[in-house]
1. Give segment 25-60 a look and list any residue that's surrounded by 19 or more Cβ atoms within 10 Å (Cβ to Cβ), over 14 Å from residue 233 (Cα atoms), at pLDDT 80 or above and of a type in the set (A, V, I, L, M, F, W, C), or say none.
2. Test residue 493 against the stated conditions and say whether it is touching a helix residue (DSSP H, G or I) at 6+ places or on another chain (Cβ under 6 Å) and modelled with pLDDT of 85 or more.
3. Taking the conditions exactly as written (of a type outside the set (S, T, N, Q), part of a loop (DSSP other than H, G, I, E, B) and within 30 Å of residue 378 (Cα to Cα)), does residue 339 satisfy them or not?
4. Conditions: (1) over 30 Å from residue 181 (Cβ atoms); (2) without any contact (Cβ under 8 Å) to a residue 40 or more places away in the chain; (3) surrounded by 15 or more Cβ atoms within 10 Å (Cβ to Cβ). Residue 69 meets all but one. Number of the miss?
5. Inside segment 463-496, can you point out the residues that are surrounded by 13 or more Cβ atoms within 10 Å (Cβ to Cβ), free of Cβ contacts under 8 Å to residues at least 12 places away in the same chain and over 24 Å from residue 608 (Cβ atoms)?
6. Identify, please: which residue in segment 117-166 is touching a residue at least 60 places away in the same chain (Cβ under 8 Å) and exposed (fewer than 13 other Cβ atoms within 10 Å of the Cβ) and is, among those, nearest to the chain's Cα centre (by Cα)?
7. Residues in segment 337-359: is at least one in contact with a helix residue (DSSP H, G or I) (Cβ under 6 Å, 6 or more places away or on another chain), modelled with pLDDT of 80 or more and of a type in the set (Asp, Glu)?
8. Assess whether residue 308 counts as being at pLDDT 80 or above and within 13 Å of residue 279 (Cα to Cα).
Amino acid sequence: MNGPTLKLRIDRRRIAIALDPSCYYTRTVLVLLHLFALFLLVLLGFYVFVANPRNRAHQTFAAFIAFLALWTIKDLIFWNFHGTNVAAGWWAASSFIIALLMQCSLAVFAWVFPENSRTPKRKAAILFAPSLVLIPATFAGLLWREVGLRDGNFEIELAPLAYAFVVYVYFIFGYGAFVLFRKYRALRSSQQAQQLGAIIWGLMITGALKTAANIVFPFFGYYFLLPYSSIFVLPGVLIYAYAISNFKLFSLENALDQFRLFPITYKIALSIATVAIVSFTVFQIPIVWWAFQDGINFDAWRKYLVFSVISALVPNLLLLLLIVRTISRPLQRITFAAVRVTEGSYGTEVDGRHSNDEIGLLAQSFNEMSRKMADDIEQLKNLNEQLIRTEKLAAMGTLSAGLAHEVNNPLASISSLIQMMRKRSSDEKDIENLRLIETQIERISRVTKDMMDFARVRPAARTAIDINSLIDKALRLASFDKTFQRLGIELRLANEIPDVLADPDQLTQVFLNLMLNARDAMPDGGNLIIETTATTDEVTATVTDDGTGVGAEDLKKIFDPFYTTKPAGSGTGLGLAVCYGIVSAHGGRIEAVRGRTAGTSFKVFLPAQNDGQRLTE
């Protein structure tokens, strides 16, 4: 042999307890340990990865778990199902390569955790460059002269390149631990430092156990830990997962959070695993026992294959049903609802049971979005109507001011001439006709006066005032009207409501107009309810009558200038338009609502005065 070699000859008597095929109990325990380790690794890796699949630390942990699972499968197959004379080149090659890949994943983790930063490409290229030579050399079998089992004894002769490989693996391990330790010192006394400290402890425990099982004990001639080396990694892996999951891996709170929001990936994985385990137990084990009870032959294999295919249909159909129920049907409901929304049915909601996974959260969010969209569109319609009404008011105000000015001057001259003619005339019939003409002139004057009040922009003398006092003042003024006195008045004024910043005269005019409108809507008498309520931001005054009411079409136009539902000659149609302008100028809004049975409610919303708000004139 050229160059130094290391020859390990494992005496069967030294590891008879671990490897003796006749010791079925011990071999069964070893198989169960490997299966338990494999199951725990897959479960742990899947759990941590799905918890945050976009996080690079979680991705690296998943890669590390995948390599460790391959290591466990390798040991499970080799140490539990070997023959007495078998070559083990595949086992040696996979051992070297998987060990290297695990350390590479550790180095990547050290670079990206806890900042979730990107992997430095230049450092990675330099650090991993030797792998481009060592991995092909391992596949070519250049790291050993001989490896395998002869008469039940494990023998391996290592080549010099194997020493370099082992040194390189430990170098990457040390480099990753060094990077993590530097970050630990830089982030000391923080939550991230505690995570890094736990990971470093996990690495120390894992490194110590693996080194003891694979190097130290074999060096002194004790090889009984080799079959268990993959199991020794579990304590470090648990610490590793516990740390990167921000110490929530074993917490009851985190378990409850996962129960409240159970990702669909977990559900699918759980469904697949459950169906697989149940189908194996219910179908495969009985089929194997029935097919091979008379020995292994062609007919037994034929029966096994045929009935295995038949029995596989049942769990596959069950699995398909679970996936359709979990994914397809809820997504179909969401799709139909989305199509209805695009067709204009705003406010459409997804029907069905809400689940605690991403689809359930999507359905709940879609329902909230659809409801909010319907509310927003309704608000936009109202705002658009208010904007159009405001533009009409502005245009009509300008027109009214000019028209009233042009009409008032001739009317004043005509009125003066009529008065002169009445003084000079002695004919009673002429005097009566002149009195009728003067009455009509006064009527025209009232209309022009209303038009001037509508068009006039008066500076508001705003003060902080109690809206209840304004309603009392308007009520006293309205009480001088004999028709108003016949109404039944019910006051529901809230106590201790915030003040509003307003012009008292203008708001009194608003409430007086609303009360007189309610009087006109109840010519035969009725009940008038005046109510005030308040929130921290808004004060609301409501004037409700049980009169004839307003039609749905009229409600849309009731605040338009010169629009009235009263009989001809009973109103100019400017009263509510003036109210609308005053309330809007105060930063509020006014709405008309039909009663359930009869009557109309007018609601005036005004912003409440905030603490410390400065009074303006």
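1. 57
2. So residue 493 passes the test.
3. It is false that residue 339 is of a type outside the set (S, T, N, Q), part of a loop (DSSP other than H, G, I, E, B) and within 30 Å of residue 378 (Cα to Cα).
4. Only one criterion in (1) over 30 Å from residue 181 (Cβ atoms); (2) without any contact (Cβ under 8 Å) to a residue 40 or more places away in the chain; (3) surrounded by 15 or more Cβ atoms within 10 Å (Cβ to Cβ) is unmet by residue 69, namely (1).
5. Result: 479, single match.
6. Among residues in segment 117-166 that are touching a residue at least 60 places away in the same chain (Cβ under 8 Å) and exposed (fewer than 13 other Cβ atoms within 10 Å of the Cβ), the one nearest to the chain's Cα centre (by Cα) is 117.
7. yes
8. Against the criterion (at pLDDT 80 or above and within 13 Å of residue 279 (Cα to Cα)), residue 308 qualifies.
The values are calculated or read from the model by the stated rules, or taken from the named source; none is laboratory data. Not measured: the values here are computed from a predicted model. So basically every Cβ, Gly included, is an ideal-geometry build from the backbone, and we count neighbours across all protein chains shown.
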